[in-house]
2 protein chains.
Amino acid sequence: MEFLQLAASRQSDRAYDKTRAVEREKLERILEAARFSPSACNAQPWKFVVVDEPELAFKIGKATASLGMNKFAKDAPVHILIVEESANITSMLGSHIKDKYFPLIDIGIASAHITLAAEAEGLGSCILGWFDEKTIKSLVGIPEKKRLLLDITIGYPAKAKRTKSRKSKEKIISYNRY
Amino acid sequence: MEFLQLAASRQSDRAYDKTRAVEREKLERILEAARFSPSACNAQPWKFVVVDEPELAFKIGKATASLGMNKFAKDAPVHILIVEESANITSMLGSHIKDKYFPLIDIGIASAHITLAAEAEGLGSCILGWFDEKTIKSLVGIPEKKRLLLDITIGYPAKAKRTKSRKSKEKIISYNRY
């Protein structure tokens with residue numbers, strides 16, 4: 001039951017307490033949970049670049065904002081940048097033969113571990129896929145050829161929980177038949 | 001700390017107790033955790049087809065086995081099939097502009113919720129991306145045009161936990177610089 005409560009209380013937090021830094025030991029536990037994530041053929045096709053220097057975090061937050069999106073991100077004290085690294089040969093072969101790109105699924109799995117672990121530490125988080133990839137890569141020295149796929153903002157929440165809006169069970173779940 | 005223990009104890013289980021069925025109320029809680037998953041622009045681009053009829057589960061397990069892979073899956077009492085459904089326009093636009101296909105990431109996130117929720121219920125699970133998609137789609141009536149992306153096997157584990165093999169922290173984590 002407890003895990004279900006954790007999954008229910010986790011939300012995409014878009015307002016953080018700017019005055020409160022995030023403890024490194026909490027970040028270490030969150031990243032350990034990410035490290036334990038499963039991945040296709042155990043390829044672990046990821047690197048996590050954790051940004052918690054205030055000035056750098058501000059610049060990265062700024063680089064996620066455009067077209068009215070992600071205005072809040074400049075106030076996030078922490079960003080976990082997820083870089084796609086080469087998968088192993090069996091995973092790449094499987095991606096090719098079965099026509100689905102496993103590293104994206106793998107990085108989704110690791111992101112879920114991160115956001116749930118953050119919630120367990122009393123922290124808010126938000127997964128961002130919309131940002132100026134080139135600028136952020138240059139800010140932290142990610143090689144040009146690599147893909148920066150996601151940025152997860154982390155911080156102490158500044159607002160109360162919202163009610164979740166989700167499709168009904170009936171719409172997304174069926175038994176023994178589509 | 002508790003969530004970290006959950007993430008540490010979850011493993012890809014490839015041996016199930018064939019004599020023990022999985023309770024529907026446990027499956028309901030696992031699926032509720034999946035329903036709460038975040039997704040790009042809250043698109044929720046998924047349907048979950050839960051197979052727990054023994055004969056059908058056996059046939060699906062058989063359809064995941066080839067080239068020596070997934071021999072164990074015929075013994076899994078439950079399969080959760082994850083079908084990709086249309087994302088909303090904002091998510092599809094974001095995928096296009098930023099050149100990353102968000103529904104794959106989203107379905108990765110939901111898979112993590114499912115496997116962690118299964119672990120919390122004392123159940124083993126394994127995410128499979130390798131299977132005969134056409135055969136399984138026809139077995140449960142998934143329309144030909146839709147993609148069946150993943151099959152998650154669920155059941156009571158028949159073997160003890162293994163030690164996890166993962167890249168070291170130093171290899172995958174850095175602070176403020178790639």
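The values are calculated or read from the model by the stated rules, or taken from the named source; none is laboratory data. Just so it is clear, the model here is predicted, and its values are computed rather than measured. Because the Cβ atoms are built from the backbone with ideal geometry, glycine has one as well, and the counts that use them run over all protein chains shown. With ligands, DNA and RNA removed, areas are computed over all heavy atoms of the protein, side chains included. Shrake-Rupley method; radii C 1.70, N 1.55, O 1.52, S 1.80 Å.
Condition first: in a strand (DSSP E or B) and either facing chain B (nearest Cβ under 9 Å) or in contact (Cβ under 8 Å) with a residue 12 or more places away in the chain (or both). Can you find one or more residues in segment A:127-146 that meet it? For segment A:127-146, residues in a strand (DSSP E or B) and either facing chain B (nearest Cβ under 9 Å) or in contact (Cβ under 8 Å) with a residue 12 or more places away in the chain (or both): present. Among the residues making up segment A:156-178, those that are closer than 30 Å to A:Leu123 by Cβ and in a loop (DSSP other than H, G, I, E, B) are A:Tyr156, A:Ala158, A:Lys159, A:Ala160, A:Lys161, A:Arg162, A:Thr163, A:Lys164, A:Ser165, A:Arg166, A:Lys167, A:Ser168. In this structure, is A:Asn42 away from chain B (no Cβ under 11 Å), in contact with a strand residue (DSSP E or B) (Cβ under 9 Å, 6 or more places away or on another chain) and either within 28 Å of B:Arg147 (Cα to Cα) or buried (at least 20 other Cβ atoms within 10 Å of the Cβ) (or both)? Here the answer is no, as A:Asn42 does not meet what is asked.
For segment A:145-162, the condition of being surrounded by fewer than 20 Cβ atoms within 10 Å (Cβ to Cβ) and of a type in the set (Val, Ile, Thr) holds for none of the residues. State whether one or more residues within segment A:38-49 are within 22 Å of A:Ile136 (Cβ to Cβ) and at pLDDT below 95. Checked segment A:38-49: no residue is within 22 Å of A:Ile136 (Cβ to Cβ) and at pLDDT below 95.
Residues are listed down the side, and each one gets a yes or a no for (1) closer than 19 Å to B:Ala7 by Cβ; (2) within 11 Å of another protein chain (Cβ to nearest Cβ); (3) small (Gly, Ala, Ser):
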residue	(1), (2), (3)
B:His96	no, no, no
B:Leu149	no, yes, no
B:Ile152	yes, yes, no
B:Lys159	no, no, no
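Could you please let me know if B:Ile105 is more than 9 Å from chain A (Cβ to nearest Cβ), under 18 Å from the mean Cα position of the chain (by Cα) and touching a residue at least 24 places away in the same chain (Cβ under 8 Å)? So B:Ile105 fails the test. If you go through segment A:10-33 and keep only what is more than 9 Å from chain B (Cβ to nearest Cβ), of a type in the set (Gly, Ala, Ser) and open to solvent by less than 60 Å² (accessible area, probe 1.4 Å), you end up with just A:Ala15.
Looking across A:Phe102, A:Phe131, one residue alone is aromatic (Phe, Trp, Tyr) and under 24 Å from B:Trp130 (Cβ atoms). It is A:Phe102. Taken together, the residues in segment A:68-84 that are modelled with pLDDT of 95 or more and surrounded by fewer than 17 Cβ atoms within 10 Å (Cβ to Cβ) amount to 1. Is there a residue being at pLDDT 95 or above, farther than 19 Å from A:Ala43 by Cβ, part of a helix (DSSP H, G or I) and of a type in the set (D, E, K, R) anywhere in segment A:95-111? No: segment A:95-111 contains no residue that is at pLDDT 95 or above, farther than 19 Å from A:Ala43 by Cβ, part of a helix (DSSP H, G or I) and of a type in the set (D, E, K, R). Filtered by the rule that a residue be open to solvent by less than 10 Å² (accessible area, probe 1.4 Å) and over 19 Å from B:Ala117 (Cα atoms), segment A:101-123 gives A:Pro103, A:Leu123. Restricting attention to segment B:54-67, does a residue exist that is open to solvent by 30 Å² or more (accessible area, probe 1.4 Å), under 15 Å from the mean Cα position of the chain (by Cα) and either modelled with pLDDT of 95 or more or within 12 Å of chain A (Cβ to nearest Cβ) (or both)? Checked against the condition, which is being open to solvent by 30 Å² or more (accessible area, probe 1.4 Å), under 15 Å from the mean Cα position of the chain (by Cα) and either modelled with pLDDT of 95 or more or within 12 Å of chain A (Cβ to nearest Cβ) (or both), segment B:54-67 yields no hits at all.
Somewhere in segment B:51-74, is a residue free of Cβ contacts under 8 Å to residues at least 40 places away in the same chain and within 30 Å of A:Glu28 (Cβ to Cβ)? For segment B:51-74, residues free of Cβ contacts under 8 Å to residues at least 40 places away in the same chain and within 30 Å of A:Glu28 (Cβ to Cβ): absent.
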